[in-house]
Each structure stands twice: as structure tokens, then as C-alpha cells.
Amino acid sequence: MSELLLSIGYERWVIDALIAIPLFTAAVVTLGPDRLAREITLAGTLLEFVVSIGLWWAYDPSTAAMQFQMAREWIPQWGIAYRVGIDGISLFMILLTTFTMPLAVLGSWNYIKDKWRPYYALLLILTAALIGVFVALDLFLFYVFWEVMLIPMYFIIGVWGGPNKLYAAIKFFIYTFVGSLLMLVAILTIYSKIGAATGIYSFSYGHILANIGHVSHLAGWLFFAFALAFAIKVPVFPFHTWLPDAHVQAPTAGSVILAGILLKMGAYGFLRFALPLFPSIVLDPTVVSIVVTLGVIGIIYGALVAMVQPDFKKLVAYSSVSHLGFVMLGIWSLTVASVEGAILIMINHGISTGALFFLAGMLYERRHTREIADFGGIARVVPGLAVILTLVSLSSIGLPGTNGFIGEFLVLLGSFDQHPVATIIATSGVIFAAAYLLWALQRMLFNKLDNPANEKMSDLSLREYLVLGPLVACIIWIGVYPAPILRRIESSAEALVLQVRGEIPDIAGPDLPGVEIE
Amino acid sequence: MPASVGWVWLVVLLPLLGFLANGAISFIKPDAKGAVSAIGVGVLAAAFGVSVAVVSGLAGAAHDAPFIVTLWEWMPVGAFHIDLAFQVDQLSAVMLLVITGVGTLIHIFSTGYMSEDPSYPRYFAYLNLFIFFMLILVLGSSFPVMFIGWEGVGLCSYLLIGFWFSEKANADAGKKAFIMNRIGDFGFLIAMFMIFGATGSLSFVEVFEAAPATLALGGTTVTLITLALFLGCTGKSAQIPLYTWLPDAMAGPTPVSALIHAATMVTAGVYLVARSNILFALAPISSTVVAGIGGLTALFAATIAMKQWDIKKVLAYSTVSQLGFMFVGVGVGAYAAGVFHLVTHAFFKALLFLGAGSVIHALHHAYHHTGSHEDAQDMRNMGGLKKFMPWTAGVMWIATLAIAGIPGFSGFFSKDEILAQAFARGHDVPFFYVVWGMGAVAALMTAFYMTRMMIYTFHGPNRTGEKEGSHLHEVSWVMTGPLVILAIGSLFGGFLNLPAVLPGAGWLHHWLEPITEGSAAFVGEVHLAHNTEWILLGLATVIAVVGILGAYRLLKPQNLVPAKDATPETGMQKVLLNKYYVDEIYDAVVVKPLMWLSRAILWKTVDEKAIDGAAVNGSANITRFAGWFGTRFQTGRVGTYVFFFVVGALVLLRTMVR
């Protein structure tokens, strides 16, 4: 397989293609007829997925170095370039994105009833921006993709969302924007200080990583600016209140992408930038204990608040706060197992929570309600939906044999030595997770079928099985045989841990090989 | 490795295939009951056949070391490396035979018991899935692989307790079981993290090999590890304080109660302690806790069983109590004795549950015929059933004599072994005398409440109802057949491990020696003087006889009235009938406050008012206010502008002049 890919020069054009395909499809959708918008988008996202899947074989798991690297001049006088690459941390974020997108299109098929062309074009632009965020190795380029992503999401929530869509969209936008503006200030500060010290003004990640010592006197402030932007995105307690609003108001695909991919940008930001650039801050015991404490609060707090939500979508939204708390604990425990576990939870959460939002959307399409109390006993009426909802919930509560277990187990196992008390509290999250999801399941699927409106619900259609089937397959696959994924993450996770702990100099190498843009 | 041992994966795969096939049938052709029965029972019978081959291969193998059958790499992460692998050794062999053997019988019984249920394929799918996970639990070669089974059986238990999920009570019971089990699983997880921290591994062979060297005898680490493991056991095996889910679990179909909530799953905790015996042997404090909790649970549950009217609730509390006995065994260090009681209990308790199932099935039929809605599980609606159901009555008496501990029956030997070991080790740990005392009293109560159950169910006048009486009859052979086989097991199971004073003693004990020899150095072999052993055997007999005769003399089944005419209980009777109100106490102390905290404080106050209201929207409001304040100066009136101009000029002038 890898020879075949090599023979078509896959490694040279894959990243370009992954960004170009959705943008090109977006142009076709915009210019094409409205009635074909869905089909064109589906074709585009499927092509994107097929192209991306080659990464699975082409990626070399034995090295932590950036692979598929590419660099082109963009604004040379300011040291800005299109520098991209993929390592074990970003690999699965990219695959998660390309995997989720065709499903999101299929999931929007009937849910979105009007203005297809702009909706699907925005979805495609969003795809390109997300890929861009995960491949960018130039801080300016990263920032551009990071902000570009906001705009389509803002419109998707604000135009196609629920009754309170404008409030949610504006809140989402401003909240995230405040954080990212601070990050921009930090990026510009780093750029100019390092430029002044070394004489090379460049936004290149490799250059900045190699010379970050020149801004060590400002490390605390710079870290804070990055961390705030990422913490809002994750979201870390107490910066999470934009999330329930945005998730509940967004259309199904919007919620799926928000939860499945957008939240991962925050965690990814910590892994790619905040940790490697500021190891002295990251190793500071006070900072560590603050972040770990916030992560653990998120786990328990998110679960408890999720437990009492009357709205199923909101329940899932708060459960995200809980899951991402595990991610933070894993990242900040800085062991190979915990970091790998955190990355795996990022993948798992995309799959399971994505599936939960799809299911919430399917229930909403049938009954035009998301209130848990409006359902009850529907397992008799919609057995297929009930089986899948149960299975996905079990994955979300981390039942061994499903994907959810592997991630949580590795995070907790890796964190226990570093933060025993925090880990024990975090582990109790498994009890609350069971409580909130099983209680919701009972009130929706089981008990008496006492609402006549539920008696005529139709079970899943073929299209809906096509949406959920791949997610369910991943849930079992990752639960039973995660080794191939873990092996692909391992080198990069290990290098990150060693680099931050000061045991090897840096991860990305001095600068991109064969690229002379200064 | 003997070739047949290498086939162990097939034992696990067969029920999984059964689950997939029956699961598919439940969607495609739910009324294909013949196919469902053939698949559901067939895979189990085949799994039993393979298990026999595996175990005979093991028995014929020359060396005692466990055989590891690796399937694939599961979690490779740096230094941490766990394979999906099975371990075939003397302990897992015993469990393998019990699970597939008793499991097959219960599957056969179910084809009769559930024959009229509309969700027949779903039932067998769940049952097969349960066996699959239970086999992983006992075959897993490491703590995490065992944990797959450990939580998987909990899932199946949840699904099967809530099998008739349209009743809220059933769905409630399933959820309660799962959540209480998860509290225990929390302990299991913490234990795994600590074990990994201490020994750098989680596979049984490596951990148990490293344990004596890396973990100090009686040290804090090993004590905490074993206490955390035991928390897991109290959840899975329904011990104080996490036992309350098991009686509620009776909401599931009765064969499920026999299979999951008596014979197999609930004994997983005992299996875990026996499996980790070296760790518990290194932690005397934890072992004492295990024995103490076991003794207390045995006694406490027995008192509740004395006063229940629901035939399944009697058996449920009896199970909790008998599991307590097993923990006494493994707690005092008599690991083989604990496993021995696990095996005999699997026979007689499965028999009792299935027999109760037959009775319920018969009563249910009778009530169904007349359109009555009386409780088919309430013993006050039974009585005199031996006339209608002689086979069921006969085999259930065998099981009752076994659990009561009449000499010759299996339960006599296994229970006596546990109590004798507790007594013998009381010499070193005086607290074990107390445990022995609790066990002896619980044994007396066991004989009493079991006899009570039999008398009320099968003897005295019939109270089912005038019209219903004529519809009562023995159940079909697919249901009585398994009962007879289990009765044979209940009769002769004791010969597996006869007391030391008898010829051919201790076979199971010797069989399990490769498993327990590592801990023998720490807990020691205890041999009672023959005199003492004879006295204890005699005492056990007296206890059983007194309990049975006491119930026979004291209880007056002719005075009972059917449930609908009964007067409510009062005083201590009422407290016992309501199980000491432990459920209500848990609800008031844990559940309600937690819900209040989550809703009123965390959600409504912290999230909505403080974070979102004050901080997030508050900052938006400040911005809005600043904007509003700024616009006050932009009135468009010249007078205002002149006023501010003059004020500004004066301020400037003042500062410049100074």
C-alpha cells in the first residue's frame, strides 16, 4: 500500500489536496444548482476522506518528526509562509475531521430544509479551515485558519440553528474571539522579540521553537495568552458556558462538528503550542496543579450538571465538559500513557459524542422535541435506534470493549503516579457518567410507552444507518484493537513528553528541510 | 501447551456468535423460536464440550504453570503493554466448567420458561452475551482483560434485569445494579493503577510473581490495593455496603436470577480474591476486612431472608448471605474452601432459583387462565404445591438440605470447610472466632428460612385460589430435566472436597494448590486436630437439624392467608420485611442530596447565575453600559457640548496654572 502511495507522489500533495478539495467543492456548490448542493458536498467530502485515508499507510509511525512537510512562500517580507506537516498528534485529528464530514453531510440531509447552497458551502469551508488548523506549522497560518473556522460556524449556528440561535452564535463568536485575540498578541510578541534577537523574522513553528529561549522572561504572560485561547475552546471549567448554548442551538451537523472536532482544537493547541513552547511554565507545580484541578472539576462538575439536564442535547453538551476534563488531566500529567490516552479520548469523544448528537437530531426530526421527559418506552417502537443509542452511550461511559474505555484507562493509568488524588477523584467520574447516561436512557428508551405521540415514530432509515454504522464500527474497533492507532500516536506523544520535560532538545527539528524562506 | 488448551478461544467465541446470530434474528425474524433455541443452547453446549477438552488437556499436562493463549496486542503504550490473552490454569478451569455447565442447563430451562415471551430472541442474545463476558472475566490473563468481562457481565445483568423494561420498576432495578456495580468498579480501577505503580505490570503472572518481592507484607500499598479490589468485590458480589442491588435484580426473568445472580456473575468477587490470593495474603488487615464483611453480610442478609414473602427475595437474600460465607472463606485465607463453596452453591442455588421459576411459571399460568392479577411470587399465594409439582418439590428439597447443611449433601461439606477454617485460624487471629460465630448463627438461620420457604411453598393447604387450583400442574420436561441434573450436583458435589477426617479428602484443595501455593507461605496451612474437626462437623449437623426442625415446629402454614387478605406487618417484622430501610437511607443520604447539589447549586446557581450570568453576560452588560454611558455625551445639543467644553477648559487651566 505504501509503495503504491509513494508511486503517485502521495506524500507531496496530500496536505494541499486535503485543503483544496473542500474549497474547490465549496466553489462548485456555490455556483451549481441548489438542488444538487447535497450530492456535490457528499461527493466532495467522500473524496476528501478517501484521499486522507492514505495517511494511515503513508504515515511512518517509527518517527516523531513532522511528515508530509510542505512549504511555500506567502508573505515573504514578514516571514509568513504556508508551512504544513503532520505528526502522530495531528494525524488522527485530520482523519477524524475527514471521517466526520461525510457523515455530517448525510446527517444534515433532511434536517436542513432551506438555503442548501450556502449551508453546504460553509460546511466545506469549515472543513478546509479545520484541516488547516491541524496541519499548520507557521504560527500566522495557524492563526488564520483558527479564525477562519469561526466564521462558517457562526453562520451555521446563527442561520440554521434553533430558536435562540442568534444569542448562541454571538456568544460563541465573541467568547472564542476574545481568547484568540490574546493569542494573536502573544504570537506577534514572540515573532518580534525572536526576530529582534536572532535577526530572522519568521512565523515558522520550527524557528520559533528553536529560539523560544529569547522570550523566556515573558514566558508566563505568553503562556497565559495561548492557554486562555485554548482553554476556552476545550472548554476548561469555568470557560465552558458558551458550549451548552452553542451545542443546543446548532443544527445537528453543527453540534457534531463542534463537539467532534472544534473542541479538539483547544486540546490540540495545548499539545502543539502551549506545552512545547513554554516547558518552564508547564512544569511549574503551581500551574500544573491549577490546570489539573480545573480538569478534574470539569470531569465531576460536567457529569453532575449533565445528570440533571432535562434537554438531551444539553446533557450531551455537559458530558463533553466532563470528557474534555479527562483530556486535560491526561495532557497535563505528561506521561506517555496519559498523553496517548488524552489523544485517544479526543478521537473517541469525536466518535461517541458525534454519534450522540446525530441520535439527538434523529429523535428531534421525528418528534420535534429534545426534552427527555417527552420520550419514554420508545425502545419498543424504534428498536434499531434504541440499540445504537445504548451502544453509543456505553462507549461514552467508557465500558471496556468500547473505545471509551481505552482512552480513559490510559489517561488515568498514566496520571495516577503524577497526581494520585486528582486521578482518584477523576476515576469517580466513571460512576457519575453511568448515572447520567443510564438515567437518560431509561427515561427515553425504557419505562412505559405512555406518550401517544411516540407510538408512531419510525425506526432508522437506511441513510441514518449509514450515518451511524461507521461510528458504531469505530466504537467497537478501537475498543477491541486500538494497538494500530496507539502505535501511530506513540512516537510523537513520547517525543512531546520528553521535550517538555527537557530530556530531548526539541521535536520539530531546526526548521523545515529544503525550504529556504526567511 | 496441550493442543486442546490452545482451543480455549473457541469457548469464548461460540457464545459471541450465538449473541450475534440471535441478535440478528431478533430484528429479522423474531418469531423463529426454534432457530433461536437451537443456536442459543447449541453454542453453550458446544462451549461446554470444548471446555471439557480444554480442562482435560490441562489436567493431563505435566507442569503446573498457567497456559497463556494470546489473541492479539491490545494496549501497547511505552512500558505498559497488555495483550488480549487468556489464562488457562486450575482456577479458571473450575470456573470454565461451572459457567458453561450450569449455563447450558439454564439455557435449556429457559427454552421452556421463556417460550411465550415475545422478545424470545433478544433474551437468548443477552444470555449468550452474558456467557461471553463471564468467560472473559475468568479467562482474562490480566486485570484489564478481566475487567472487560467484569464490566461486561454488569452490562448484561443490567440488560437482563431490565428485560421487561416497560415496567419502570424493572428498568430502575437494572440501572441501580449497574450504578452500584460501577461504584465497585471504581475500586477495581484504582486497584489496577496502584498495582501498576507498584509492580510495573498488570498481567497476573507478572504481578503475582513480583508481589512478594516488591510489596512488603502488611505494607500500606498492598493493603490499599487489596481494599480497593475488595470494594470492587462488594459491588459485584453484593456485599455490605453495596448489596442492595441484588434483591432488586430479581425483577429479571427467573433463569437470569439463577445464572447471573446466583451461580456465576455474583461469585466473580470471590473469584477475584481467590485469583489475587497472593496479594490478599500479603495484606492481613484487608483479609480480616474481607472475612469480617463476609461474616457480617452472611448474618445480616440471613435475618432479612427470614421475613420475606416473595420467594425470589428469600433466595436473593440467601444468595447475599451465602456469598458472605464464601468471603469468609477467602478472607481467612482458605481460598480453596471459598472456591469450593462457590461451586456447590452454583449447583444448589441455581437449582433453587430454577425450581422457584417453575413454581412461578405454574402459578403464573394458573392466574393467566382465570385472568387474575395476583402475585405469582408471593409465598402466601402458594402452599401445598408438592401435590401438583412433585418433581419440583423433590429436587428443591434436595437443594434445601444441601444449603441447610445436612451431612452428605454438598453444602454441608463446603460450608463446614469454611467455618472450620475460620475456627482453626482463630488461633492466630482471634477476630476469626467472631467471624466463625457470625457464620454459625447465619447457618442456623439459613436452615430455618429455607425450610420456611419450602413449607410455605409446597406444604400445608393450597392458597392459590379456588379456580386457579385446577390449573396448577408440573412444568414440562425441558424445565424439570435441568433441575434433576442440578439436583445430582447438589447431592454429590461435596465429594469434590471431603473433610480431612474422611478418606479421599481435599481433592479440589489439591487441584487448586498451584494457584494458592504462593500465598501458603504467608497464611500458612492450618490443620485442625481430628477431635476438633469431628466436634465442628457434629456442631454443623446440629445447627442444620435445629434450624430445619425449628422451622417445622414453629411455623403454621395452615394459618397463612393469601397475600391480598394479609394484614400489614408491624414492629420488627415490618423492619425486616422492608430490609432495615437501607434503600430508603441510601436514597435520603446519597441520592437526594446529590441531585439537589447538581440541580440547585451546580446548575442553577454556579453555572447559570455565577459563571454565565455574572461573569460572562455580566462582562457583556458592562460593555453595553460603557457604550450607553458614552452616548450620553453625544446628545447633539450645542448647550451640552459648550458645558463640557467649558468644564474641560477650566480643568486644563487649573492644572497648567499650578
- Note on the structure: With the first residue restricted to the range B:476-487 and required to be under 16 Å from residue B:348 (Cα atoms) and among the small types (Gly, Ala, Ser), and the second required to be open to solvent by 30 Å² or more (accessible area, probe 1.4 Å) and assigned to a helix (DSSP H, G or I), Cβ contacts under 7 Å at 6 or more apart or on different chains are B:481/B:108; B:487/B:398
- Item | Test result for residue A:494, within 14 Å of another protein chain (Cβ to nearest Cβ) and either of a type outside the set (D, E, K, R) or without any contact (Cβ under 8 Å) to a residue 40 or more places away in the chain (or both) | no
- With respect to residue A:410, determine if the residue is within 7 Å of another protein chain (Cβ to nearest Cβ) and crowded, with 24+ Cβ neighbours inside 10 Å. yes
- In the range A:415-432, the residues that are open to solvent by less than 10 Å² (accessible area, probe 1.4 Å) and either more than 8 Å from chain B (Cβ to nearest Cβ) or in contact with a His (Cβ under 9 Å, 6 or more places away or on another chain) (or both): A:415, A:426, A:429
- Query: What are the residues in the range A:29-45 that are free of Cβ contacts under 8 Å to residues at least 60 places away in the same chain and open to solvent by 80 Å² or more (accessible area, probe 1.4 Å), if any?
  - Reply: A:31
- Query: Does residue B:39 satisfy the criteria of being under 21 Å from residue B:127 (Cβ atoms) and free of Cβ contacts under 8 Å to residues at least 12 places away in the same chain?
  - Reply: no
- Task: Would you mention how many residues in the range B:1-24 are assigned to a helix (DSSP H, G or I) and more than 24 Å from the chain's Cα centre (by Cα)?
- Result: 12
- Item | Residue tally, condition open to solvent by 10 Å² or more (accessible area, probe 1.4 Å), more than 7 Å from chain A (Cβ to nearest Cβ) and not in a helix (DSSP H, G or I), over the range B:160-169 | 2
- Elements of type helices (runs of 4 or more DSSP H) in the range B:355-474, at least 3 residues being surrounded by fewer than 22 Cβ atoms within 10 Å (Cβ to Cβ) and of a type in the set (Phe, Trp, Tyr): none
- Message: On the basis of being touching a helix residue (DSSP H, G or I) at 6+ places or on another chain (Cβ under 9 Å), over 14 Å from residue B:450 (Cβ atoms) and modelled with pLDDT of 95 or more, does residue B:328 make the cut?
- Response: yes
- Only one of B:342, B:323, B:351 is in contact (Cβ under 8 Å) with a residue 24 or more places away in the chain, open to solvent by less than 10 Å² (accessible area, probe 1.4 Å) and more than 22 Å from residue B:547 (Cβ to Cβ), namely B:342
- Item | Among residues of the range A:115-147, those that are in contact with a strand residue (DSSP E or B) (Cβ under 7 Å, 6 or more places away or on another chain) and in a helix (DSSP H, G or I), counted | 5
- in contact (Cβ under 8 Å) with a residue 40 or more places away in the chain and either open to solvent by 20 Å² or more (accessible area, probe 1.4 Å) or not in a helix (DSSP H, G or I) (or both) - does that describe any residue in the range B:191-198? yes
- Query: Here are some residues: B:79, B:85, B:93, B:61. Which one is within 17 Å of residue B:141 (Cβ to Cβ), open to solvent by 10 Å² or more (accessible area, probe 1.4 Å) and not polar (S, T, N, Q)?
  - Reply: B:61
- Message: Consider the range A:377-390. How many of its residues are more than 9 Å from every other protein chain (Cβ to nearest Cβ), assigned to a loop (DSSP other than H, G, I, E, B) and open to solvent by less than 20 Å² (accessible area, probe 1.4 Å)?
- Response: 1
- Item | Within the range B:116-159, considering residues that are outside any helix (DSSP H, G or I) and under 24 Å from residue B:205 (Cβ atoms), the one farthest from the other protein chains (Cβ to nearest Cβ) | B:141
- Message: I need the helices (runs of 4 or more DSSP H) fully contained in the range A:236-353, keeping only those with at least 3 residues that are more than 14 Å from every other protein chain (Cβ to nearest Cβ), open to solvent by less than 10 Å² (accessible area, probe 1.4 Å) and of a type in the set (Val, Ile, Thr).
- Response: A:252-257, A:312-333
- Here are some residues: B:103, B:187. Which one is more than 26 Å from residue B:41 (Cβ to Cβ), more than 8 Å from chain A (Cβ to nearest Cβ) and either outside any helix (DSSP H, G or I) or touching a Leu at 6+ places or on another chain (Cβ under 8 Å) (or both)? B:187
- Query: Which one of these does residue A:73 not meet: (1) over 26 Å from residue A:486 (Cα atoms); (2) of a type outside the set (Gly, Ala, Ser); (3) open to solvent by less than 30 Å² (accessible area, probe 1.4 Å)?
  - Reply: (3)
- Any idea which of (1) open to solvent by 10 Å² or more (accessible area, probe 1.4 Å); (2) under 18 Å from the mean Cα position of the chain (by Cα); (3) more than 8 Å from every other protein chain (Cβ to nearest Cβ); (4) of a type outside the set (A, V, I, L, M, F, W, C) is the one residue B:172 doesn't satisfy? (3)
- Query: at pLDDT 90 or above, more than 9 Å from chain A (Cβ to nearest Cβ) and in contact with a helix residue (DSSP H, G or I) (Cβ under 7 Å, 6 or more places away or on another chain), is that true of residue B:177?
  - Reply: yes
- Message: Among the listed residues B:611, B:622, identify the single one that is assigned to a helix (DSSP H, G or I) and under 30 Å from residue A:299 (Cα atoms).
- Response: B:611
- Message: Test of understanding: among B:574, B:592, which residue is part of a helix (DSSP H, G or I) and either over 30 Å from residue B:304 (Cβ atoms) or more than 14 Å from chain A (Cβ to nearest Cβ) (or both)?
- Response: B:574
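The values are calculated or read from the model by the stated rules, or taken from the named source; none is laboratory data. In this text the structure is predicted, and so the values were computed from the model without any measurement. A quick note on method: Cβ atoms are made from the backbone with ideal geometry, for glycine too, and the neighbour counts reach across all protein chains shown. Note: areas computed on protein heavy atoms with side chains; ligands, DNA, RNA excluded. Shrake-Rupley method; radii C 1.70, N 1.55, O 1.52, S 1.80 Å.
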